[in-house]
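In what follows, a structure is listed as structure tokens, so that the remarks can point back to it.
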Amino acid sequence: MKKILTSISTIIASGSLFAQVGVVAPDFTQSDINGTSHNLYTYLNAGKVVIVDMSATWCGPCWGFHSAHYLESLHDEFGPAGTNEVVVLFYEDDTQTTLADLNGTGSNTQGDWVTGATYPIINATVSLPYPEYGEGYPTVSVICPTDKKIKDNLFGYNTLNDMRTAVQDIIDQCSAAASLKENTALEVSVAPNPTTGNTIVRFSASSDATATIELYSVSGQFIFAVQKTIASGQNNVDLDLSTLDAGTYFIKVMNEDASSAMIPVVKR
């Protein structure tokens with residue numbers, strides 16, 4: 001079970017409890033309490049900054065953050081009813097939590113987490129096993145769509161204005177990075193194509209970096225992503241499509257400086 005972050009001083013003394021700012025946020029798919037499915041990378045690929053509040057109903061500091069209405073305020077300002085630049089997700093990460101706990105009537109809760117919430121509430125069926133989101137509750141990760149990295153942890157701020165400024169700065173930075181990528185295209189080829197299983201994705205890079213290779217269905221649905229450490233010059237990355245159904249798919253390659261167009265690949 002994750003630890004509770006009892007105070008800012010606790011966080012500073014226990015840096016491993018932080019959301020890991022600067023690392024790529026692992027993908028997840030979970031349904032909210034209304035049955036709507038949420039996939040992190042789908043939102044990021046749509047160009048949205050994503051805020052993930054990783055909490056538990058029994059966690060006192062989580063309840064304090066919730067009761068201050070920070071998340072609600074950020075969602076109302078930057079979400080669909082505001083500038084529509086941000087997706088906010090409340091992620092209840094303890095798989096033992098019940099709907100009664102979320103509604104404040106259970107035995108393992110600090111209060112009613114649902115009433116008044118304007119953002120989606122996920123009651124996780126699987127606890128995220130990723131240290132990137134932190135080893136304690138709460139962590140409030142702000143994730144950039146351009147490189148899918150965690151840029152900040154809002155639980156480290158003391159006021160709503162500080163959080164609002166941090167989110168706006170990240171929106172501006174990610175927007176500028178996206179514009180740069182649009183003007184710097186990666187030339188990518190895929191062979192063999194068609195393929196019955198493995199194929200090789202070939203592209204050149206201007207420097208040593210980490211590249212993300214994403215796969216989409218013909219309808220544009222995100223399927224998976226892999227990350228590879230690449231070197232300056234020509235790179236060849238093996239991609240295993242053997243478990244996929246026959247059909248047409250699309251590959252996109254991105255690094256910190258550039259991205260490719262959607263490249264079709266046929267699986268037989």
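Filter the stretch 185-209 down to the residues that are at pLDDT 85 or above and of a type in the set (Ser, Thr, Tyr), then identify the one that is nearest to residue 242 (Cα to Cα).
196
Here is a yes/no grid of residues against (1) among the β-branched types (Val, Ile, Thr); (2) exposed (fewer than 14 other Cβ atoms within 10 Å of the Cβ); (3) farther than 15 Å from residue 54 by Cβ; (4) at pLDDT below 60:
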position: 7; (1), (2), (3), (4): no, yes, yes, yes
position: 15; (1), (2), (3), (4): no, yes, yes, yes
position: 19; (1), (2), (3), (4): no, no, no, no
position: 23; (1), (2), (3), (4): yes, no, no, no
position: 35; (1), (2), (3), (4): no, yes, yes, no
position: 43; (1), (2), (3), (4): no, no, yes, no
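Can you run down the residue pairs with Cβ atoms below 9 Å, 6 or more apart or on separate chains, where the first is in the stretch 104-118 and in contact (Cβ under 8 Å) with a residue 40 or more places away in the chain and the partner is part of a loop (DSSP other than H, G, I, E, B) and exposed (fewer than 13 other Cβ atoms within 10 Å of the Cβ)?
Pairs found: 108/96; 118/81.
Looking at the stretch 243-260, which of its residues are assigned to a strand (DSSP E or B) and over 22 Å from residue 175 (Cα atoms)?
247, 248, 249, 250, 251, listed by residue number.
Quick one: how many residues across the stretch 227-242 are under 15 Å from residue 202 (Cβ atoms) and part of a strand (DSSP E or B)?
Of the residues in the stretch 227-242, 9 are under 15 Å from residue 202 (Cβ atoms) and part of a strand (DSSP E or B).
Given the residues 118, 97, 109, 125, which is the only one that is out of contact with any strand residue (DSSP E or B) (no Cβ under 9 Å at 6 or more places or on another chain) and either of a type in the set (Ser, Thr, Tyr) or not in a loop (DSSP other than H, G, I, E, B) (or both)?
109 is the lone residue from the list that is out of contact with any strand residue (DSSP E or B) (no Cβ under 9 Å at 6 or more places or on another chain) and either of a type in the set (Ser, Thr, Tyr) or not in a loop (DSSP other than H, G, I, E, B) (or both).
Yes/no matrix, rows are residues, columns are (1) under 28 Å from residue 29 (Cβ atoms); (2) surrounded by fewer than 15 Cβ atoms within 10 Å (Cβ to Cβ):
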residue	(1), (2)
177	yes, no
198	yes, yes
218	yes, yes
226	yes, yes
232	no, yes
237	yes, no
241	yes, no
266	yes, no
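The values are calculated or read from the model by the stated rules, or taken from the named source; none is laboratory data. As the structure is a computational prediction, the values presented were derived from the model and not from experiment. Positions of Cβ are generated from backbone atoms using ideal geometry, with glycine treated the same way; all protein chains shown enter the neighbour counts.
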